[in-house]
1. Taking the range 68-93 only, how many residues are in a helix (DSSP H, G or I), among the polar types (S, T, N, Q) and without any contact (Cβ under 8 Å) to a residue 60 or more places away in the chain?
2. Within the bounds of the range 26-45, is there any residue that is assigned to a helix (DSSP H, G or I) and either at pLDDT below 95 or aliphatic (A, V, I, L, M) (or both)?
3. If I ask for residues that are under 15 Å from the mean Cα position of the chain (by Cα) and either assigned to a helix (DSSP H, G or I) or not hydroxyl-bearing (Ser, Thr, Tyr) (or both), which ones from the range 51-67 would you list?
4. Condition first: in contact with a Pro (Cβ under 6 Å, 6 or more places away or on another chain) and touching a residue at least 24 places away in the same chain (Cβ under 8 Å). Can you find one or more residues in the range 20-28 that meet it?
5. Which members of the range 1-24 meet the condition of being surrounded by 14 or more Cβ atoms within 10 Å (Cβ to Cβ), part of a strand (DSSP E or B) and touching a strand residue (DSSP E or B) at 6+ places or on another chain (Cβ under 6 Å)?
6. Would you mind finding the one in Val47, Val39 that is surrounded by fewer than 17 Cβ atoms within 10 Å (Cβ to Cβ), in contact with a Pro (Cβ under 9 Å, 6 or more places away or on another chain) and closer than 16 Å to Met1 by Cβ?
7. Out of curiosity, is Ser93 small (Gly, Ala, Ser) and at pLDDT below 95?
8. In this structure, is Phe36 in contact (Cβ under 8 Å) with a residue 40 or more places away in the chain and touching a strand residue (DSSP E or B) at 6+ places or on another chain (Cβ under 6 Å)?
Amino acid sequence: MTSFHGSVIKCTVSDLRSILGEPRYQGNDGTDKVNFDWVMETESGDVFSVYDWKEYRPLSENEVIEWHVGGHSAKVTDQAVNEMADGLNKLLS
């Protein structure tokens, strides 16, 4: 179980698939609080999650939205955001 500590990242579903792989959950119909949910580990082994929150609509693969990053502490979620940002920078360069 993770919780939100204020860390977010802005990118597309397609970007997250490229750097994180397939989500654990994907029900992209807009009927639930979450359409996509990834559960991952930082390079140091701390668990974090990435999910859209209360979009309540189907999301386009190429639409930039704000993703919530959950973890066991703000330190973990900040580290996860930094690692994902590095992955996105490598993807876009």
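The values are calculated or read from the model by the stated rules, or taken from the named source; none is laboratory data. Because the structure is a prediction, the values reported are computed rather than measured. Note: ideal-geometry Cβ built from the backbone for every residue, glycine included; neighbour counts use all protein chains shown.
1. Residues flagged as in a helix (DSSP H, G or I), among the polar types (S, T, N, Q) and without any contact (Cβ under 8 Å) to a residue 60 or more places away in the chain within the range 68-93 amount to 3.
2. no
3. Asp52, Trp53, Lys54, Glu55, Leu59, Glu61, Asn62, Glu63, Val64, Ile65, Glu66, Trp67 - these are the residues of the range 51-67 that are under 15 Å from the mean Cα position of the chain (by Cα) and either assigned to a helix (DSSP H, G or I) or not hydroxyl-bearing (Ser, Thr, Tyr) (or both).
4. For the range 20-28, residues in contact with a Pro (Cβ under 6 Å, 6 or more places away or on another chain) and touching a residue at least 24 places away in the same chain (Cβ under 8 Å): present.
5. Phe4, Ser7, Val8, Ile9
6. On the way: Val47 fails: in contact with a Pro (Cβ under 9 Å, 6 or more places away or on another chain).
Selected residue: Val39, the only one of Val47, Val39 that is surrounded by fewer than 17 Cβ atoms within 10 Å (Cβ to Cβ), in contact with a Pro (Cβ under 9 Å, 6 or more places away or on another chain) and closer than 16 Å to Met1 by Cβ.
7. Answer is yes for this residue.
8. No: the conditions fail for Phe36.
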